[in-house]
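The values are calculated or read from the model by the stated rules, or taken from the named source; none is laboratory data. Note that this is a predicted model, so its numbers are computed, not measured. Glycine also receives a Cβ, built like all others from the backbone with ideal geometry; neighbour counts cover every protein chain displayed. The protein model used for the area step is the full one, side chains on, heavy atoms only, and it has no ligands, DNA or RNA in it. Shrake-Rupley method; radii C 1.70, N 1.55, O 1.52, S 1.80 Å.
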Amino acid sequence: CCCNRYGGSVMPRKTNTQILKSNLILCEGRDEQEFLIQYLNSTALSNTPEFSNDIQVIDFGGNSELTKKLAILKNMDNFDKLPSLLIIRDAETSAESACREIQRALRENGFSVPKGPHCWEGELLKVGFVLFPTCGSILQNGTLEDLCLSILSDQSADESLEEIDLFLARLKKRCHRSFPRIFKAKLHTYFSVHNDYVSLKIGEAAAAGAFDWDNITLEPLRNFMQEVL
């Protein structure tokens, strides 16, 4: 790891092509990768050093690239030594479709296929997956940004988000603006009105203290990862 300008640890890009730790998370995109790295290295998980020492996070790119990334993964050095593989992506507009896409990608590459989210499958290599925003067994449409909005560390965040909702609604009504990815618009508007997070990406905001890593919403993810440590 190396340090970024906000004091957090950032995994170098070579970690996308090398298996360097004993447990592996494949996630959707750079934002998710940096968010997860900050969480694994947070004080909320510090009582279990295996979270930061034994779990590597690799960005598999867009959802359509998962099948290809799994095929590449099988040919990487140290793949045969992995005890666990966890896949994490957004549920987006259909959590059910997201589950089927992950299961299909695993099946096409000869991996064990979990029956659903938050369920490990396999013996020599335990395979599991979870979806943002719930990180648990309950299916819910949404994204990492939805999860981020629910774990903001600022105690007055709810008041700010209420005002942001009114602002975006006013723009939509008076200026005929559309927000097809409203979750991104809402989160990054919040960042832009908070002095500590202006212009930051999710991973940078995480390093700057934007999120409450002890939030109960993250418990399903922590508990699921801990099952294989």
Rounding to the nearest 20 debye, state how big the charge dipole of segment 161-200 is about its Cα centre with +1 on each Lys and Arg Cβ and -1 on each Asp and Glu Cβ. 380 debye
What part of the accessible area of the chain, given as a whole %, is carbon or sulfur when the probe is 1.4 angstrom? 47 percent
For the chain, what does the helix formula give at 222 nm: sum of -39500 (n - 2.57) over DSSP H segments with n ≥ 4, over the residue count, nearest 500 deg cm²/dmol? -11000 deg cm²/dmol
Go through segment 115-179 and name the GluC sites (Glu not before Pro) that are in a DSSP coil and have 12 or fewer other Cβ atoms within 10 Å of their Cβ. Glu123
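Return the inverse of the average 1/r over all pairs of distinct C-alpha atoms in the chain, which is the Kirkwood hydrodynamic radius, in Å to one decimal.
The Cα-based Kirkwood calculation yields 18.3 Å.
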Identify all lysines with a Cα-Cα distance to Lys173 below 29 Å; exclude those on the same chain that are fewer than 8 residues away in sequence. Lys184, Lys186, Lys201
Normalising by the residue count of the chain, find the relative contact order in percent from Cα pairs under 8 Å and 6+ residues apart. 20 percent
Counting Lys +1, Arg +1, Asp -1, Glu -1, what net charge surrounds His118 among other residues with beta carbon under 14 Å of its beta carbon? +1
Below 19 Å, Cα to Cα, which lysines can Lys21 reach? Residues fewer than 8 away in the same chain don't count. Lys69, Lys74, Lys81, Lys126
Just to confirm a number: summing +1 for Lys and Arg and -1 for Asp and Glu over residues other than Pro133 whose beta-carbon lies under 9 angstrom from that of Pro133, what do you get? -3
Using a cut-off of 12 Å between beta-carbons, work out the net charge of the residues near Ile88 (Lys and Arg +1, Asp and Glu -1, Ile88 not included). -4
Compute the Kirkwood hydrodynamic radius of segment 82-206, taking the inverse of the mean of 1/r over all pairs of distinct Cα atoms, and give it in Å to one decimal. 16.5 Å
